[in-house]
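Quick notes on the structure that follows.
We did not get these values from a lab; they are worked out from the coordinates using the rules stated. Note that the structure is predicted; figures quoted are calculated from it, not measured. With ideal geometry, Cβ positions are generated from the backbone for all residues, glycine too; neighbour counts draw on all protein chains shown.
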Amino acid sequence: MSKRVSHVRREALPWRPGVVLEQTECGRPVGDRPVMSRADWSVVAREWNELTRSYRVARMQIPAFMTRPNVCGTCWDTCSRWPSWERIPIRALYRELDAFGWYPTGRDAARMCQELWALGRLATDMPDRFGRLVAEFDLGYRRSEVFGV
Ligand SMILES: [Zn+2]
């Protein structure tokens, strides 16, 4: 009997604390499927990528007994394609906003507009605090690694 494939739970935007999405990164309802967090997937993926990179660098074929961790392939690809909020928030937000299409309508679109207006209002109502927070997110090494600047 084969081991059950684990899926990756989709995460809510950070300004929605306490919201736990009942959806996987591959678009399925969580239900009773085994799921892992995005953070856990990052660890698994990093280890797998480092392992396979060492074989590629050595120009060796990856042995057949070494199989990718037992994670849903669609979840894996989606997580690879869409970085987390913690890694690249632009991409995470783009993914959320792109789902609304060119002419956003409906309750979810209205909610997103309210939240974005509220975020903008927070920044304008508390410019000093906002400025300090922006400065706190010093990108350090990530600036060149991720953004190339
Ligand atoms: Zn999946």
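Some points to look at:
- Among 52, 124, 24: highest mean-square fluctuation, GNM of the chain, C-alpha pairs under 10 Å: 124
- Qualifying chymotrypsin sites (Phe, Trp or Tyr not before Pro) for the stretch 1-78 [loop in DSSP, other Cβ within 10 Å: at most 13]: 15, 65
- Charge dipole (debye, nearest 20) of the chain; +1 at Cβ of Lys and Arg, -1 at Cβ of Asp and Glu: 480 debye
- 0 to 90° range, to nearest 10: angle between helix 89-98 axis and the chain longest Cα axis: 80 degrees
- Close amide-amide hydrogen proximity is noted between residue 71 and 6, each under 5 Å apart and 5 or more residues distant or on a separate chain (H modeled in the peptide plane; Pro and chain starts excluded).
- Under a Gaussian network description of the chain, with springs only between Cα atoms under 10 Å, the residue in 114, 23, 61 that fluctuates furthest is 61.
- Chain lengthening between residue 49 and residue 113 when straightened (0.36 nm per residue, less Cα-Cα): 19.3 nm
- On the principal axes of its alpha-carbon atoms, the stretch 96-149 has extents of 40, 29, 12 Å, going from largest to smallest.
- The chain - Rg over Rh from alpha carbon coordinates, Kirkwood radius: 1.04
- Rounded to the nearest 20 debye, dipole of the stretch 100-149 from Cβ charges on Lys, Arg, Asp, Glu: 100 debye
- Selection from 52, 39, 63 lying farthest towards where the dipole of the chain points positive, charges on Cβ: 63
- Calculated [θ] (222 nm, deg cm²/dmol) that DSSP helices of n ≥ 4 give over the chain, each run adding -39,500 (n - 2.57): -16000 deg cm²/dmol
- Choice from 20, 71, 35 showing the highest fluctuation, given a GNM over the chain with Cα pairs closer than 10 Å: 20
- Dipole check for the stretch 39-118: with +1 at the C-beta of Lys and Arg, -1 at the C-beta of Asp and Glu, and the Cα centre as origin, the magnitude is about 320 Debye.
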